[in-house]
Structure formats: structure tokens, C-alpha cells
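K.L.:
Following this message is one structure expressed as C-alpha cells.
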Amino acid sequence: MKSVSHRIPIVVSACLLGWKVRYDGKDKRHDRALALLQGEWLVVPVCPEVAVGLGVPRQPLELVSGAKGVRIQGAGKKGVDVTEALNHYARQIAEREPAIAGMISKSRSPSCGLAVSLHDPQGGILPEKVQGRFVHSLLECLPGLPVIEETDIDEDRKWQAFIDAVREYARHR
Ligand code: SF4
């Protein structure tokens, strides 16, 4: 196993690591992700929603398209808008962990997912899918950062492509 200082940091949605941080108080532990991360990688767990002060359990969030662009706020127009807070947290992570070379993200999450349902202001679902607000901001800070969702980890070809991209990204930073 490599020493900590030689491992490449990879951000991982904390619920995939078994942390009970989801809105419903549960986790989404992904055993294969945990096994694959042994050894070579330095895991940087993040739960953006908890990091910006939302509790566990909490009201679920959703993405809404409006005059100010895509916002993340309490589902059903209830609750807080945490768009700016998540943007700020993503910038903090990028500054605090400048060697980050990849992310394993939770699919369909309005914070962490890569292709998430988007609502109109009246609550209807729009046809397009967009990035969750945390991962979107992280990619603005770290352009080209390789990101894989847990739903793709079980495909060896996709996992290997991700790892190759992470090594390449780390080499060119
Ligand atoms: S998907 Fe992201 S924001 Fe939601 S519980 Fe998991 S780590 Fe937290």
C-alpha cells in the first residue's frame, strides 16, 4: 500500500462510504467502490448538504430552473435555497485539496449527481438533465476533473477509463 503522501486524492460522496448522511438518515454504501479505493487512493469524503449546515434527516432538495439559472432548494418550493452555499463549499474543497484528481459521486443527487432531473418553477419536470450543484461548481473550479457515478463503477471498462483519466489528470496538475 502506498504511503498517504503518495496517494492521489479522490473526492467521494460520503453516503457511498456508508455514512448515514442522506436526507432520510440512511446511507448508500457501495461495497465495490470501497474495495476499489483500497491502497492507491486517498479518499476525501464529502457530504455537501451536511457541510452547508443541513441536518440529518432533512427535507429533500431539488433542482429548479428559474430567472437566476438553476437553483437547488427544498423540494416542493419549501425550505431553503442552498445554491450559493454549495458553490462556496465546492470552492473551499478545491482550495483545501488542490491535488484532487477525481470524484466518485452519487447518481441522481441534486448536489452530487451528474445527470439530475430539473424542475420548472411550477414544479413540472423539464426534459433535460443537469449536473448537481456541488459537482457543477467543483467542475468549474477544477475543469476536466474526472467524475464517475456509483452506477458506472460496476462496469470494469468504465472504472478503468475513470482510473486512467484520474492518473492522467494528476500527472498534468
Ligand atoms: S448524495 Fe451527496 S449530498 Fe446527498 S447524502 Fe450523499 S454525499 Fe450527501
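Every read-out reported here was derived from the displayed coordinates using simple, explicitly stated rules and does not represent laboratory data. Because the structure is predicted, anything quoted here is derived from the model rather than measured. All Cβ positions, even for glycine, are placed from backbone atoms using ideal geometry, and neighbour counts span all protein chains on display.
K.L.:
Pick from 116, 130, 147: which is in contact (Cβ under 8 Å) with a residue 40 or more places away in the chain, of a type in the set (Val, Ile, Thr) and touching a Lys or Arg at 6+ places or on another chain (Cβ under 7 Å)?
P.N.:
116
K.L.:
Within region 123-144, track down each residue that is part of a loop (DSSP other than H, G, I, E, B) and under 12 Å from the mean Cα position of the chain (by Cα).
P.N.:
131, 132
K.L.:
Given (1) under 14 Å from residue 10 (Cα atoms); (2) more than 16 Å from the ligand (Cβ to nearest atom), identify the lone condition not met by residue 147.
P.N.:
Residue 147 satisfies every listed condition except (2).
K.L.:
How do the pairs read when you match residues in region 60-73 that are farther than 12 Å from residue 110 by Cα with residues anywhere that are assigned to a loop (DSSP other than H, G, I, E, B), using Cβ under 8 Å and keeping only pairs 6 or more apart or on different chains?
P.N.:
So the pair list comes out as 65/120; 65/121; 66/121.
K.L.:
Restricting the search to region 1-40, which residues are away from the ligand (no atom under 12 Å from the Cβ), under 24 Å from residue 137 (Cα atoms) and in contact with a helix residue (DSSP H, G or I) (Cβ under 8 Å, 6 or more places away or on another chain)?
P.N.:
8, 10, 33
K.L.:
Identify all residues within region 93-121 that are more than 11 Å from the ligand (Cβ to nearest atom), under 30 Å from residue 6 (Cα atoms) and under 14 Å from the mean Cα position of the chain (by Cα); write none if there are none.
P.N.:
Listed by number, the residues that qualify are 93, 94, 100, 101, 102, 114.
K.L.:
Residue 73 fails exactly one of the following numbered conditions: (1) more than 16 Å from residue 150 (Cβ to Cβ); (2) among the polar types (S, T, N, Q); (3) not in a strand (DSSP E or B). What is the number of that condition?
P.N.:
(3)
K.L.:
Next up: Looking at region 135-151, is at least one residue touching a helix residue (DSSP H, G or I) at 6+ places or on another chain (Cβ under 6 Å) and over 19 Å from residue 94 (Cβ atoms)?
P.N.:
For region 135-151, residues touching a helix residue (DSSP H, G or I) at 6+ places or on another chain (Cβ under 6 Å) and over 19 Å from residue 94 (Cβ atoms): present.
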